[in-house]
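The values are calculated or read from the model by the stated rules, or taken from the named source; none is laboratory data. What you see is a predicted model; the values in this text were computed from it and never measured. As a convention, Cβ positions derive from the backbone with ideal geometry for all residues, glycine included, and neighbour counts pool all protein chains shown.
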Amino acid sequence: MDLMYLTFQEDAPLYLGVKNKIEGQISAFEKLGYRVTCSMWQNSRFRFFGADSFEKPLDPAKRLMKQMAAIANEYIGRHPFDVLYMRLDRISFDVIRICKTARANHVKTIVVEIPNYPYLADYVRNIKYAKSLGGKVKTAAKVAVTVLDDRLSGKELKKYIDAVVLYGNKADSFFGVKAMNGDNGINIDRIEPIPHCADTAKDIAILGVAGTLWWQGYDRILQGMSIYKQKHTDDLALKFVLVGGDKTEMPEFHALVEKLGLSDDVTFCGFKKGKELSDIYKTVDVGASSLGCYRRGLTRCSSLKAREYCAAALPFLYAYDDAKLRDDTPFALRLPNDESPVDMDKVVEFVQRCRKDASIAKKEREFAEKNYDWKTIMKQVLEFAGASMK
């Protein structure tokens, strides 16, 4: 059986977490018996990887999405697949055309994944970031066209789609198509569990791993560290280690570190992966998952980073509803989903409690193995969509 994983995702260091997710899903589909073809773009080339590899150059002077949609439509029209799985930021008439072509070429099952739901607020938010009045007007016009395209084309979706997987706020339908709330997973075997640290006298290091900083809310950690530092001059020191960081956001983040007097307490590592990232995990005490979901209007999240921390047996912080986590989960500390500085007294208490529990690492790793395996998750998706499996 053949499956096309269609995505218009850029293959770049900034999106390493997204790429890891896509690769994990592909691996799961393969374990479920599918021959998988996947698409991504890099260096102005749209590439298809799989049984029939193919790539085509993109013209940077023209709209990339329009070009890639046309290329994808042609490719799917020439190659037969049993399942079409599409990861999309939104719906468009280009998407509808691809679905029509897929059905005409006898694709049996079509599934759409929306990785951030609801999503239109993200487009509207771009208006306020335009610097001039003219820029705001121009951006507002583009956003209006985007929203109209999404709303109108979405009405056609139920003619072609079998199921939708939504990551974000809970919903059971999407433009009239049955929907399920997705859970992020991980490839457990690729993540090495770190040794448990029982040293309660050791300073506490908090890890943040992210491409885009704004919606991770790591500025809340800095604010909390500043308050804690002023209150506890003779107690355990708090450190923050940042891996990644969008270069467009880093100047503002650096400025906040300086403003709060945390230059000696924050380490910037740049983008890391593989063994380099694993080695950093071994030097920290707690990981920070997303603390800024409220900035995108989200209350629910299925953070990939939290799952990676869990597989590594690293206790973590989070600030959202997660179907897999209870408020009393011993290796995870839930924080408010708002602008408030992180209460570092609670974080210190949490870390010390984890340090004193010699069984915490084993419990966390076993939890990840039971709940976050991609094969189990994607099998549920295909069953929900009615796709056949070997």
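So is residue 60 touching a His at 6+ places or on another chain (Cβ under 7 Å), outside any helix (DSSP H, G or I) and surrounded by fewer than 15 Cβ atoms within 10 Å (Cβ to Cβ) or not? Spell out how you get there, then give the answer.
On the way: touching a His at 6+ places or on another chain (Cβ under 7 Å): no; outside any helix (DSSP H, G or I): yes; surrounded by fewer than 15 Cβ atoms within 10 Å (Cβ to Cβ): yes.
Taking the combined requirement at face value, the residue does not satisfy it.
Tally time: how many residues in the stretch 224-250 are of a type outside the set (Val, Ile, Thr) and buried (at least 18 other Cβ atoms within 10 Å of the Cβ)?
So the first thing to find is which residues in the stretch 224-250 are of a type outside the set (Val, Ile, Thr), and the list is 224-226, 228-232, 234-240, 242, 244-247, 249-250.
Of the ones still in play, those that are also buried (at least 18 other Cβ atoms within 10 Å of the Cβ) are 224-226, 228, 238-240, 242, 244-245.
Total satisfying the criteria: 10.
Could you please find all residues in the stretch 70-87 being surrounded by fewer than 20 Cβ atoms within 10 Å (Cβ to Cβ), touching a helix residue (DSSP H, G or I) at 6+ places or on another chain (Cβ under 9 Å) and either in contact (Cβ under 8 Å) with a residue 24 or more places away in the chain or among the aliphatic types (A, V, I, L, M) (or both)?
Once the filter is applied, which keeps residues that are surrounded by fewer than 20 Cβ atoms within 10 Å (Cβ to Cβ), touching a helix residue (DSSP H, G or I) at 6+ places or on another chain (Cβ under 9 Å) and either in contact (Cβ under 8 Å) with a residue 24 or more places away in the chain or among the aliphatic types (A, V, I, L, M) (or both), the stretch 70-87 yields 70, 73, 77.
Looking at the stretch 242-251, is at least one residue at pLDDT 90 or above and among the charged types (D, E, K, R)?
no
Name the pairs: first residue in the stretch 361-390 and at positive phi, second residue modelled with pLDDT of 95 or more and of a type in the set (A, V, I, L, M, F, W, C), Cβ to Cβ under 8 Å, at least 6 apart or on different chains?
Short answer, once both residue conditions are applied: 386/163.
Look through the stretch 102-124, keep the residues that are outside any loop (DSSP other than H, G, I, E, B) and over 19 Å from the mean Cα position of the chain (by Cα), and return whichever of them is surrounded by the fewest Cβ atoms within 10 Å (Cβ to Cβ). Reasoning before the result, please.
Start the filter on the stretch 102-124 by keeping residues that are outside any loop (DSSP other than H, G, I, E, B), which leaves 102-104, 109-117, 120-124.
Those still in the list that are over 19 Å from the mean Cα position of the chain (by Cα) too: 102-104, 109-110, 124.
Values: 102: 25, 103: 15, 104: 10, 109: 19, 110: 25, 124: 14.
This residue is 104.
Anything in the stretch 211-263 that is aromatic (Phe, Trp, Tyr) and under 26 Å from residue 299 (Cβ atoms)? List them, or say none. Explain how you work it out, then say what you get.
We begin by selecting, within the stretch 211-263, every residue aromatic (Phe, Trp, Tyr); these are 214-215, 218, 228, 240, 253.
Matches in the stretch 211-263: 214, 215, 218, 240, 253.
Would you please list the contacts, defined by Cβ atoms under 6 Å and residues six or more apart or on different chains, that run from a residue in the stretch 238-255 that is closer than 17 Å to residue 14 by Cβ to a residue that is among the basic types (Lys, Arg)?
243/272
Of the residues in the stretch 125-141, how many are assigned to a helix (DSSP H, G or I) and surrounded by 13 or more Cβ atoms within 10 Å (Cβ to Cβ)? Explain how you work it out, then say what you get.
We begin by selecting, within the stretch 125-141, every residue assigned to a helix (DSSP H, G or I); these are 125-129, 133-141.
Still in the list and also surrounded by 13 or more Cβ atoms within 10 Å (Cβ to Cβ): 125-127, 136, 138-140.
Matching residues across the stretch 125-141 total 7.
Just the residues that are over 30 Å from residue 289 (Cβ atoms) and touching a helix residue (DSSP H, G or I) at 6+ places or on another chain (Cβ under 6 Å), please, taken from the stretch 148-174.
Once the filter is applied, which keeps residues that are over 30 Å from residue 289 (Cβ atoms) and touching a helix residue (DSSP H, G or I) at 6+ places or on another chain (Cβ under 6 Å), the stretch 148-174 yields 153, 156, 160, 162.
Does any residue of the stretch 193-205 turn out to be closer than 24 Å to residue 122 by Cβ and assigned to a strand (DSSP E or B)?
The answer is no; no qualifying residue exists.
Let me spell it out: the conditions are (1) surrounded by fewer than 18 Cβ atoms within 10 Å (Cβ to Cβ); (2) among the hydrophobic types (A, V, I, L, M, F, W, C); (3) within 17 Å of residue 365 (Cβ to Cβ), and residue 271 meets all of them except one. Which number is the exception?
(3)
Starting from residues that are of a type in the set (Gly, Ala, Ser), under 20 Å from the mean Cα position of the chain (by Cα) and not in a loop (DSSP other than H, G, I, E, B), keep the ones in the stretch 233-282 and report whichever is nearest to residue 209 (Cα to Cα).
244
Quick test of your reading of the structure: residue 21 fulfils all but one of (1) touching a residue at least 24 places away in the same chain (Cβ under 8 Å); (2) of a type in the set (D, E, K, R); (3) loosely packed, with under 14 Cβ neighbours inside 10 Å. Name the failing condition by number.
The one condition residue 21 does not meet is (3).
Considering only residues that are out of contact with any strand residue (DSSP E or B) (no Cβ under 9 Å at 6 or more places or on another chain) and over 30 Å from residue 237 (Cα atoms), which ones fall in the stretch 174-206? Let's see the steps before the verdict.
Quick first cut of the stretch 174-206, residues out of contact with any strand residue (DSSP E or B) (no Cβ under 9 Å at 6 or more places or on another chain) only: 176, 189-202.
The answer is 176, 189, 190.
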